[in-house]
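Take a look at the structure set out below.
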Amino acid sequence: MSRLRRLAPYLFAIFAIAFGAGVTGARAQMGDKTEVRTDQVQARLLAHAPQGVPLGLAPEAAARQPVWLGLQISHAPDWHTYWKNAGDSGMPTELHWALPPGVLAGDIAWPLPRKIPIGQLANYGYDGTVLLPVPLIITPDYKPSPLADSLEIGLKATWLVCRQECIPQDGEFSLKLPLRSSTALHGAAFEAALASQPAELPGQHAITLADGGRRLALRVTGLPAAVRGQVLELFPETPNIVVTAARLAAPGEAAGERSWSQRWDGETWTADVPVSPDRAEAPARMPLVLVAGERGWRVTAPVDGAWPALAPVAAMSPALEAALAANAANAGAAPPAGATPAPAGTLALALLGALVGGLVLNLMPCVFPVLAIKVLGFTQHAEDRRAHRLGGLAYTLGVVLSFLALGALMLALRAAGQQLGWGFQLQSPLVVAALATLFTVIGLNLAGVFEFGRFVPSSVATLEARHPMANAFLSGMLAVAVASPCTAPFMGASLGLAVGLPAGQALAVFGAIGLGMALPYLAASWLPAVARLLPRPGAWMEVFRRFMAFPMFGTTVWLLWVLGQQSGIDGAGALLALLVALALVLWALGLAGRARTWVATFSIAAGAFLAWSIGPYVIRPVTEPVNTGVAVGERWAPWSPARVQAGLAEGRPVFVDFTAAWCVTCQYNKKTTLANAQVLAAFDAAGVRTLRADWTRRDATISAELGRLGRSGVPVYLLQAPGKPPIVLSEILSVADVMAALGQL
């Protein structure tokens, strides 16, 4: 033992050096993520702070030290993205910043666009290379730590890139901007982009509604003398007001419904522009951009006259809305917008489905070991019938109350306006990491690596014997915690109904799920016939117990993979290292004598060092660029409402796979039915466009779409064809299901 004592400092030093080198290497790989490449664009996050980041300055002084960020987009030949007003179609580029408290991002300083004719339509946008600058506002509330040497910036950008076809894309970027040094590498690009801004044009400008509101008469004064007499380009900043594709009438030609005219009246520029019949707004003031060559001016003028009444614009076609409502009714789901009580028959079917679904949950690999070990306890104490019955009731109470609590939390968040669905708890890296830790601890205990009674006080170790009811109740809560990811595939319709019901009926559905899950244990505890089916106690029980550790470890592997989708490979690797350190601590605490003191101290210190150094990576959202560009011919494209509508507009059916990395059923269906050669050939023969909606991380748009379909979790499979009601397929997807749905097209 004295030798171990002498070696302990050296062992700790070697351990620290090894892990320190690993941490340093990991951090070196987690640098800035400033570029995203697709086949259509190269997008880069740039910064420009020639005088550094102004800290602690008054607003007037800070304004003299500009800090700029910008997304530079370089387009492949013939491709383009869009201006703030995209025109007849398209979508403006959007930038969503993640900045520390006290740092604000201003609006995009849009460079001058160009007009892009597309058949009978026209859009406004950019080709070649464009930089979209954004001013960074450093307020006095920004208080970096004394040791901080940089300002961490995160950006989620979305853009639509088009040629003949259009592809929605996005990218995630990160950048560390030095606080105390100059950043001016891209100064020329920012200077050129800022020089391309339209200048504000003062003067007496007027916009008058004419011809019953069907035309706009523009009068602009104060333009430079150098451009007088020239033909100007007109770009309204407000979308859907004018006929974007209107051609410029020839000199002397009267403007018509699809043409516009302009002329100079001395120093005043005038124009006659047709108003779009699909106008969606009635602005009291209109900002316009006028362009002559490479120079531009921004004009804002009041609109004189009364706009005609707007035609109602539907968010979706009435036929599609009616079809979705009918589909939700057929699936047993109430419209999610209101809390309408369900008829007795519908509610009874939902409760029955929830009860059966809860029963099925006991077969899940993460739940079965918990239930099996509890039930095998009957064989050791077969004579204590009363204790078994009380334990069964306590276990059932723990399961049912846990489901009711989760359901109440979800309903409360929904009432507060949160777009959530069942499984939302696994969209948090922290929850996923906590569950992985729990499964690891349970697995190590089942495998015999440690026993709780060896390193906890005797008063705690004997709690189970002294309070068996409390132990059974907590076991029920544990079973619900590990089962929650598996519920949605088996009870999609019931859960979809529950979130649209009054609170009492909704909680009854959640309670039925819990009762179904607890039913096997409750039956074994109360019915002697069920208990007699259990085998006699013997040495096989210890073997069975250790065998049950492997489903737990398998579930941990799956959760590590899920975490990798949320926090990246660095987060998954960090958690794996922490779990190894945790296993070392648990093993060391089970030792005896001085070995326990030295080894446990070393392992706890090493674990604390790891938790401090790499622990934050576990819950840090992934920052590596996400390439969602879809090359021509790629099988599954990322889902978006725009892609669905684009496919339907082309006359093509659309199949959507709503999935998540933490959904076991989703992954099984993806690797089997959705990868089946017969199914893929049928998709191709029918011209089906296949989309995948990934709900691994929280996504309010996907949550809202699931709600419209009468579902509250994944998987969900939707087949939609132009002019036909959408079809929601079974959660347990088979080749026959898909072929039958395709046969209805």
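Taking the alpha-carbon distance from residue 724 and a cut-off under 28 Å, which lysines remain once sequence neighbours fewer than 8 residues away in the same chain are dropped?
Output for residue 724: 670.
Contour minus end-to-end for residue 352 and residue 219, with contour as 0.36 nm per residue of separation and end-to-end as the Cα-Cα distance? Show your work: numbers first, answer last.
Working: separation 133, 0.36 × 133 = 47.88 nm, distance 7.00 nm.
Full extension of this stretch gives 40.9 nm more.
Tally up the carbon and sulfur contribution to the accessible surface of segment 653-745 as a whole percent, 1.4 Å probe, everything protein left in place.
Details: 1820 of 3280 Å².
About 56 percent, which is the carbon plus sulfur part of the accessible surface.
Long-range amide H contacts for residue 286: which residues qualify at under 5 Å (H placed 1.01 Å from N, peptide plane, sequence gap of 5 or more or a different chain)?
301, 303
In debye, nearest 20, what is the charge dipole magnitude of segment 129-200 about its Cα centre with +1 on Lys and Arg Cβ and -1 on Asp and Glu Cβ, if you could check? Please list the in-between numbers first.
On the way: 5 positive and 8 negative charges, 30 e Å.
That gives a dipole near 140 debye.
Are any of the pairs 33/176; 33/671; 84/115; 33/156 more than 20 Å apart by Cα-Cα distance, and if so, which? Intermediate results must be reported in sequence, preceding the final value.
On the way: 33/176 9 Å; 33/671 31 Å; 84/115 13 Å; 33/156 11 Å.
In this structure, 33/671 lie more than 20 Å apart at Cα.
How long is the gain from residue 434 to residue 129 if the chain were fully straight, where each residue apart is worth 0.36 nm and the alpha carbon distance is subtracted?
On the way: separation 305, 0.36 × 305 = 109.80 nm, distance 4.53 nm.
Contour length minus Cα-Cα distance gives 105.3 nm.
Hey, rough spin-label estimate for residue 550 and residue 736, points 7 angstrom out along Cα→Cβ, what's it come to in nanometres?
It works out to 3.3 nm between the two label points.
Can you run phi through the Karplus equation (6.51, -1.76, 1.60; θ = phi - 60°) for segment 209-216 and list ³J(HN,Hα) in whole Hz, with x for Gly and Pro?
Couplings: 6, 10, 6, x, x, 8, 9, 10 Hz.
The values are calculated or read from the model by the stated rules, or taken from the named source; none is laboratory data. What you are looking at is a predicted structure, and each value in this text was computed from that prediction instead of being measured. When we count neighbours, we look across all protein chains shown, and the Cβ atoms used for this are built from the backbone with ideal geometry, even at glycine. In case anyone asks, the SASA skips ligands and DNA or RNA and just uses the protein heavy atoms, side chains included. Shrake-Rupley method; radii C 1.70, N 1.55, O 1.52, S 1.80 Å.
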